[in-house]
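Every number in this text was worked out from the coordinates using simple rules, so none of it is lab data. Computed from a prediction, not measured in an experiment: that's the story for all the values here. Counting neighbours? That spans all protein chains shown, and the Cβs are built from the backbone with ideal geometry, glycine included.
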Amino acid sequence: MRRVIKKMSILFFIIILNLLISQTVLADDVLISNAVENAQNNFFIVLDQKTLEKGYTASFDLFKLGIGSGAIKGDSAVEIIKVDGAEMPLSKNKRLISEIYQFDIKNKALFNNKKPLSLEIGYGDYSDDLKKIYFWNKTKGIWQTLPSSSDVKNKMVKSILHLPYARVAVLGDIIVKESGYASWYKYKDCDCAASPDYPKKTKIKVTNMVNGKSVVVRINDWGPERNIFPDRVIDLDVTAFKKIADKRLGVVKVKVEPVVENF
């Protein structure tokens, strides 16, 4: 009888042990699942001072946050998430090109606002809209533009910002184009051009999207008319045109961008 009781006790112990093991495995699976889910929806990391002294780039989805040496003077956590833009209305003639990303440097007391953070946001849009990075100014309730450099070929925009927290996105101007065709005309044999988008005296960098050659021109005239030439973004003086293409081509596919000083 004692042997039977002993065997039953051992069997009962084995059953309980198996149940505990299975529950632990299940719990671990849940933790792993939650970790993967969190990794897909946000980015969070704690950086020590030694790492920050070297500089660090946080990457999440199509967003990169570059933290240069000296930008944070001590340990800090960094978080990046995607946010809904329902409460951040767009102004007229603007549309959302990328996701809206919120970055947050948690230890704001150690943030050095004299050292700008670098931003890089990718997008999947193929339009010719002029694209820039904007940040949401909650106090004013508007999207404010940042000095931006657009890479049409790789579909991304770069900028800088002197804030430890912001909501940022790429917005497109549905009126102003950043890429299209350029033709040429004879004017004053100068590095100058006509534009339907930019005022006179604006300095514009024009890049041939086929061979990569660029020329910086100054706008001194208006045109071409967009209702007649919807795909034309600029007309170059023949002197400027010849610096990026053979004038016998007549027109070339180009990217145009305002020259931003000190960027």
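Tabulated data
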| item | result |
| --- | --- |
| Approximate spin-label separation LYS201-ARG95, in nm, with each point projected 7 Å along Cα-to-Cβ | 3.4 |
| Rounded, prolate or oblate (a/c below 1.5 giving rounded, otherwise prolate when a/b exceeds b/c) for the stretch 178-258 by Cα gyration tensor | rounded |
| Alpha-carbon centroid distance for the pair the stretch 192-263 / the stretch 86-125, whole angstrom | 29 |
| Selection of GluC sites (Glu not before Pro), the stretch 69-153, meeting DSSP coil and at most 11 other Cβ within 10 Å | GLU87 |
| Distance between modelled label sites at LYS114 and ILE45, nm, 7 Å Cα→Cβ extension | 2.7 |
| LYS247/ASP125 FRET efficiency (R0 25 Å; Cβ-Cβ; nearest 0.05) | 0.20 |
